[in-house]
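Below: the structure, in structure tokens.
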Amino acid sequence: MKKRLYAVIGLGRFGGSICKELSREGMEVLALDQDEEKVNEFKEIASHAVIADSTDELALKDLGFRNIDHVIVAIGDNVHASILTTLILKELGIDKITVKAQNDYHEKVLNKIGADEVVHPERDMGKRIAHSIISSNILDYLELSDEHSVVEVKAGDKMDGKTLVDLDIRARYGCNIVAIKRGKDINVSPMADDVIHGEDILIVIGSDKDIHRFEKDLVIED
Ligand code: ATP
């Protein structure tokens, strides 16, 4: 099978860490930034590291961007450059374009011009941290849509020793426990009579409203 080719445009903290991780996983990565110092940092890390302005269509063509399968646009501050770069990449027919958005307006524009994936790492991390601040039993939080999420919570004292039937979470709160992690084991199809231990980690899916009620009653310590 042909090896997938990646390019990371913008080698700030976000783009830089994507570039490092892809390279560490043995992927072929072209690292690009207009700042020579940044590019020098990645010479030994990425397969290729080049200085260029990504809003220069000819430069991207000359660098052979047409052959890249997946481009990650990690230009944060300069929204104009990020949008223009995305448009050029679309025109070059890149198979998959992931773009880091700076704000909601930027995200909307990126979706409109056909970015395949828009990520908002600061906002998402802020939400995750806020949930863990509310309760140390809320371990992780993943937004599925504007209204639905998956949360990972420690069962804690309130659920310790109870079965899923006892807790009746689906009927009482409208959300579902889709998996129970106990140490290294993970039970992905929990049964109604499975007993929950306080140290178990529960993966719960549902609407934000329902998850919020579930957390308030059963997860957050009194
Ligand atoms: P992060 O929050 O990920 O650390 P940052 O705030 O440090 O990002 P940004 O200004 O958002 O940095 O830009 C990330 C990188 O993108 C910078 O290294 C910058 O030089 C590069 N960059 C910005 N515009 C262009 C462009 N038109 N072409 C190539 N690289 C660019």
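The values are calculated or read from the model by the stated rules, or taken from the named source; none is laboratory data. Values in this document were obtained by computation on a predicted structure and should not be read as measured data. FYI the Cβ positions are ideal-geometry reconstructions off the backbone, even for glycines, and counts take in every protein chain you see. For the accessible areas, the whole protein counts, side chains as well, though only heavy atoms, and no ligand, DNA or RNA atoms are used. Shrake-Rupley method; radii C 1.70, N 1.55, O 1.52, S 1.80 Å.
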Could you pull out every residue, at least 5 positions away or on a different chain, whose amide H is within less than 5 Å of the one on residue 102? Hs are placed 1.01 Å off N in the peptide plane, and Pro or chain starts have none.
107
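Using a 1.4 angstrom probe on heavy atoms only, work out the carbon and sulfur share of the accessible area of region 1-155 in %. Mind showing how you got there, number by number?
Values: 4300 of 8650 Å².
C and S fraction of accessible area: 50 percent.
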For region 39-138, listing GluC sites (Glu not before Pro) in a DSSP loop whose Cβ sees at most 10 other Cβ atoms within 10 Å gives 44
Per residue accessible area in Å² of region 88-203, where ligands, DNA and RNA are left out and the probe is 1.4 Å
58
Explain nothing, just the number: dipole magnitude of the chain about its Cα centre with +1 on each Lys and Arg Cβ and -1 on each Asp and Glu Cβ, in debye rounded to the nearest 20.
400
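Under the rule of -39500 (n - 2.57) per DSSP H run of 4 or more residues, summed and divided by the residues of the chain, what mean residue ellipticity at 222 nm is obtained, to the nearest 500 deg cm²/dmol? Walk me through the numbers before you get to the answer.
On the way: 10 runs with 80 residues, N = 222.
Per the formula, -9500 deg cm²/dmol.
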Using R₀ = 22 Å, calculate the FRET efficiency as 1/(1 + (r/R₀)^6) where r is the Cβ-Cβ separation of residue 220 and residue 162; round to 0.05.
0.85
With every protein chain left in place and a probe of 1.4 Å, what is the accessible surface of residue 27, to the nearest 10 Å²?
70
Hey, what did the chain get for relative contact order, percent, Cα under 8 Å, at least 6 apart?
13
Could you tell me the largest-minus-smallest coordinate of the C-alpha atoms of region 33-155 on each of the three principal axes, in descending order and whole angstroms?
55, 35, 24
So how far, in whole Å, is the C-alpha centre of region 5-65 from the one of region 85-119?
17
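Could you check what % of the DSSP bridge pairs in region 5-133 are antiparallel, to the nearest 5? Write down the numbers at each step before the final one.
Details: 0 of 20 bridges.
So the antiparallel bridges in region 5-133 amount to around 0 percent.
Stokes-Einstein at 25 °C, 0.890 mPa s, Kirkwood radius from Cα pairs: D for the chain in µm² s⁻¹? Display every interim value, and only then the final one.
Numbers: Rh = 19.9 Å.
Taking Rh from Cα pairs, D becomes 123 µm²/s.
Could you tell me whether region 18-103 comes out rounded, prolate or oblate from its Cα gyration tensor? Rule is a ≥ b ≥ c as square roots of the eigenvalues, rounded for a/c under 1.5, then prolate if a/b exceeds b/c, otherwise oblate. It would help to have the intermediate numbers written out before the result.
Values: a/c = 1.39, a/b = 1.27, b/c = 1.09.
Here region 18-103 falls in the rounded category.
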If the limit is 27 Å between Cα atoms, which of 127/216; 100/184; 96/184 go over it?
100/184; 96/184
